[in-house]
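What follows is a single structure, written as structure tokens, with notes after it.
The values are calculated or read from the model by the stated rules, or taken from the named source; none is laboratory data. All values derive from a computational prediction rather than experimental measurement. All Cβ positions, glycine included, derive from the backbone under ideal geometry; neighbour counts span all protein chains shown.
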Amino acid sequence: MKFLRAFIAVALLSVLGFIGLEVLGWVNPVVALFGRITQALGVPAVFQFLHQIFGLGSTGKSVAFAGVLVGWVGGLTLLGALVRPWQAGAVVALALLAFTPLEVAIGNGVVFGLLLWAAEKLLSPHAPVATVAPPASAELVPPPHLPNVRLAKADTTRRTVTLALAGTGAAVLAAGAGRLISVGGGSAAASAAVPVTPGSLPAGVTPVSNWYYVSKNLEALDPRIKGEKWRLKVDGLVGTPKTLTLEDLARFPAVTSERTLACISNPVGGPLISNGIWEGFRLADLLREVGIGKEARFVLWEAEDGYTESLPLGDALDPEVLLVTRLNGAPLTPKHGFPLRVLIPDRYGMKQPRWLTKITLSATDKPGYWVQRDWSRTARLELQSRIDFPEEINPQVKAGQPITVRGMAFFGTKPITRVEVSTDGGQTWGQAKLTPPRNTSVWTLWAFDWTPTAGAAMLMARAYSGQIEQKTAERDALPEGATGYHRFIVNAG
Ligand SMILES: Nc1nc2c(c(=O)[nH]1)N[C@H]1C(S)=C(S)[C@@H](COP(=O)(O)O)O[C@H]1N2
Ligand SMILES: [Mo]
């Protein structure tokens, strides 16, 4: 019973914490704890390990977060069951001081203490000794738990309150858990609501429904911004600091640009790369409007989810650096950055914040969210190529039956001039046919005709950009992006 009461208090505290985060944007102790633990263990190391077990994508992160949540609920339940409410509250407040702001630590400690205290009051088992108060001695020596004496007459009230409290707690908890577990589900619905007609997309364009997704956040906790409420602040070393609304953005000359976006943590041959048609405007136009201070050297970005990044001002003034509101003919979906995200050519996705809320011009650089966690400061794209058909997972080819091996190659803004394919593990190479991309910031699709012979064949691909050859060294994604040739074995039946 002690444990059940403590558990209910912890569950309510956690639910309040998540409501605070979702509705009011408060710092959530569990999310902060998750961040602290993963950082202490070395974030990339942890996720590389989780990715090995659960594959790429957000499953690994959800499992890790669920683990931290279970630890939090378990630890606090034990604490709440074993010591007095005020002691438990104090311990929680002190512990949280290590990784959350003062008011969050104290707030959580106090609320936890109060919830434990209330749970003890309302959810105590009937105390027959106290209700059957001995007539004489009780007058002289008050029973130790005075409140219990009164409970006899308040019994029905208490039972109602207990049931209501437990019921509400369970319902809210279930709703909260449902949201956390439905990682992917919620945003899939949001994406579907946006009318994207895949049939009308040119070849090589990734439909938004298939677009890769990477986030520092749990997907369920990604920002879902209301357009009317959103503001873009532009401040720092500018002539006139400004705050822009979504409508204000319409005054900048519109730019449409097809671009391929790739994640720095994508392994060789991996799926974390997509290509789309973006609409927005030039960052340079906005900066010229607010006026660029003489001392300004860096653009610092901030996003709704606390994500930060930076870019040297010289690079930021490149007319190809865009702020975009639309992808593939529709407004950005919440998942992919609604209402505004940054597009920077030649860099991996980590340099390009989604859900942008603030641009600051600064004399000094400030390392971004992932840079602080050991990833590349510049995040320049590596020359890469990938075989898409036959598929690496379960390739199906028949001996003697001609097929076309297909794939893509990409090198930021630099053109792909040649792709070679080997079907014998790199002993001999043949040249693939290239489909010229609509611009050089788009991946180049290639094709190579091949008739498999019976037995195992090792497929490989490599790309060139003029004199530059794709790196052969097999290098992990951390910290500068993966290199090496995509290769796998197919067995022709
Ligand atoms: N605000 C914010 N922006 C972000 C991130 C993030 O976690 N928060 N992740 C970055 C990373 S690592 C990548 S690869 C791209 C992924 O964008 P996508 O999920 O829309 O493909 O967003 C980038 N921008
Ligand atoms: Mo990324």
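Brief remarks follow.
- Candidate set from region 73-105 (those that are surrounded by 15 or more Cβ atoms within 10 Å (Cβ to Cβ) and of a type in the set (S, T, N, Q)); member that is nearest to the chain's Cα centre (by Cα): Thr100
- Residue match in region 448-463 (condition: of a type outside the set (Phe, Trp, Tyr) and in contact with a Cys (Cβ under 9 Å, 6 or more places away or on another chain)): no
- Of all the listed residues (Glu289, Glu295, Glu302, Glu309), the sole one being over 18 Å from Val442 (Cβ atoms) and in contact with a Leu (Cβ under 7 Å, 6 or more places away or on another chain) is Glu295.
Conditions tested, residue by residue: (1) farther than 19 Å from Ala262 by Cβ; (2) in the same structural domain as Pro271 (by TED's automatic domain parsing); (3) out of contact with any Ser or Thr (no Cβ under 7 Å at 6 or more places or on another chain).
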residue: Gly337; (1), (2), (3): no, yes, yes
residue: Ile344; (1), (2), (3): no, yes, yes
residue: Gln352; (1), (2), (3): no, yes, yes
residue: Ala379; (1), (2), (3): no, no, yes
residue: Phe389; (1), (2), (3): yes, no, yes
residue: Arg406; (1), (2), (3): no, no, yes
residue: Gly430; (1), (2), (3): yes, no, yes
residue: Pro436; (1), (2), (3): yes, no, yes
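- Taken over region 215-256, the residue count meeting the criterion of being touching a Gly at 6+ places or on another chain (Cβ under 7 Å) and surrounded by fewer than 17 Cβ atoms within 10 Å (Cβ to Cβ) is 2.
- Exactly one residue out of Val255, Val214, Val238, Val208 is away from ligand 1 (no atom under 16 Å from the Cβ), at pLDDT 95 or above and touching a helix residue (DSSP H, G or I) at 6+ places or on another chain (Cβ under 8 Å): that is Val238.
- Restricting region 349-370 to residues that are away from ligand 2 (no atom under 15 Å from the Cβ) and among the small types (Gly, Ala, Ser), the residue that is nearest to Lys229 (Cα to Cα): Ser362
- Residue in region 282-294 that is at pLDDT 95 or above, under 18 Å from Lys242 (Cβ atoms) and within 16 Å of ligand 2 (Cβ to nearest atom) present: no
- From the options Lys366, Lys358, Lys351, residue that is surrounded by fewer than 19 Cβ atoms within 10 Å (Cβ to Cβ), within 14 Å of ligand 1 (Cβ to nearest atom) and either in contact (Cβ under 8 Å) with a residue 40 or more places away in the chain or aromatic (Phe, Trp, Tyr) (or both): Lys358
- Filtered residue count, region 324-343, keeping only those that are assigned to a helix (DSSP H, G or I) and either within 9 Å of ligand 1 (Cβ to nearest atom) or more than 25 Å from Ile277 (Cβ to Cβ) (or both): 2
- Helices (runs of 4 or more DSSP H) wholly inside region 21-112 containing at least 3 residues that are at pLDDT below 85: 29-41, 43-54, 59-82
- Enumeration of residues in region 312-327 that are over 15 Å from Leu232 (Cβ atoms) and buried (at least 24 other Cβ atoms within 10 Å of the Cβ): Leu327
- Filter pass, Lys233 being more than 29 Å from Val205 (Cβ to Cβ), away from ligand 1 (no atom under 16 Å from the Cβ), more than 21 Å from the chain's Cα centre (by Cα) and among the basic types (Lys, Arg): no
- Test: Leu478 is surrounded by 12 or more Cβ atoms within 10 Å (Cβ to Cβ) and over 30 Å from Pro319 (Cβ atoms): yes
- Annotation note: of Leu201, Leu244, Leu237, the sole residue that is of a type outside the set (Ser, Thr, Tyr), outside the structural domain of Tyr348 (by TED's automatic domain parsing) and more than 16 Å from ligand 2 (Cβ to nearest atom) is Leu201.
- Per-region count, region 239-289, residues of a type outside the set (S, T, N, Q) and over 30 Å from Arg406 (Cα atoms): 24
- Filter result for Arg282 (surrounded by 19 or more Cβ atoms within 10 Å (Cβ to Cβ), in contact (Cβ under 8 Å) with a residue 12 or more places away in the chain and away from ligand 1 (no atom under 13 Å from the Cβ)): yes
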